[in-house]
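First the structure, in the form of structure tokens, and then the observations on it.
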Amino acid sequence: MLLVIALAITAACSATRHSGTELANELVDVGITYPDIQLDIRYASADNFLGRAMYAAPRCYLVTDAAQRLAAADTALRPEGLRLIVWDCYRPRSVQYAMWEILPDPTYVADPARGSRHNRGAAVDVGVIGLDGEPVPLPTDHDDFTPAAHRDAEDLPAVAIANRERLERVMVEVGWIPLASEWWHFDAPNWERYPLRDDPL
């Protein structure tokens, strides 16, 4: 099943290429295109490390290839009794500057002078929940800036590590690239070939 999904994604990615160094950069509204994916966009509420809403609407926008890969990961998790929950997708660059003012640490927040993968619509912050929508044990909450959030953290409940590893395995199988310091963060392939954006949500 995953091989079929991977082949479909590869074909779609090839179809969206423009030229040698640029990829199609239209943003897809994941909530509309893939309505079965559960969204909990933290920066559209005060439930985030800034303590205030940074987005005007709880929307998840991604470049086409990334949106397809996100849907493929959600589909692949379901036979294991899990589904994705999405905390962040495209992030305006102006929000990146606001984050950097509070936490200027590139281990956890990308320097806005260089831009974040999120600012390109080519990264996601995701966790897993049960098929019934109920929470499952995870290493930390989203945006926990401690060593417990690192992918190699071991001083955690075994079930939380298992769920972290299930999420990472499925995301990697459909092409996502994990970030070492945040178990929830994944980058899309070729992220550097999409433009930085500051379009408001």
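Readers should treat all values here as calculations from the given coordinates under stated rules, not as data from a laboratory. Everything numeric here is computed off the predicted structure, so don't read it as measured data. A quick note on method: Cβ atoms are made from the backbone with ideal geometry, for glycine too, and the neighbour counts reach across all protein chains shown.
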(message) Please verify whether residue 108 is among the hydroxyl-bearing types (Ser, Thr, Tyr), surrounded by 13 or more Cβ atoms within 10 Å (Cβ to Cβ), in contact with a strand residue (DSSP E or B) (Cβ under 8 Å, 6 or more places away or on another chain) and touching a residue at least 12 places away in the same chain (Cβ under 8 Å), treating the condition exactly as stated.
(response) yes
(message) Being of a type outside the set (Val, Ile, Thr) and either assigned to a strand (DSSP E or B) or within 19 Å of residue 145 (Cα to Cα) (or both) is the requirement here; does residue 77 meet it?
(response) no
(request) Could you pull out every one of the strands (runs of 3 or more DSSP E) wholly within region 85-201 that has 2 or more residues that are within 16 Å of residue 48 (Cβ to Cβ)? (result) 123-130, 182-187
(message) Condition first: basic (Lys, Arg), within 13 Å of residue 33 (Cα to Cα) and buried (at least 19 other Cβ atoms within 10 Å of the Cβ). Now tell me which residues in region 56-84 satisfy that.
(response) 69
(request) Please work out which residue is nearest to residue 192 (Cα to Cα), limiting yourself to region 70-79 and to residues that are out of contact with any helix residue (DSSP H, G or I) (no Cβ under 6 Å at 6 or more places or on another chain) and in contact (Cβ under 8 Å) with a residue 24 or more places away in the chain. (result) 70
(request) Take the residues in region 85-105 that are in contact with a helix residue (DSSP H, G or I) (Cβ under 9 Å, 6 or more places away or on another chain) and among the aromatic types (Phe, Trp, Tyr), then tell me which one is surrounded by the fewest Cβ atoms within 10 Å (Cβ to Cβ). (result) 87
(message) Suppose we filter region 146-175 for residues that are among the charged types (D, E, K, R) and within 17 Å of residue 135 (Cα to Cα); how many remain?
(response) 3
(request) Could you check, for region 37-51, whether at least one of its residues is buried (at least 19 other Cβ atoms within 10 Å of the Cβ), farther than 24 Å from residue 181 by Cα, in contact (Cβ under 8 Å) with a residue 12 or more places away in the chain and touching a helix residue (DSSP H, G or I) at 6+ places or on another chain (Cβ under 6 Å)? (result) yes
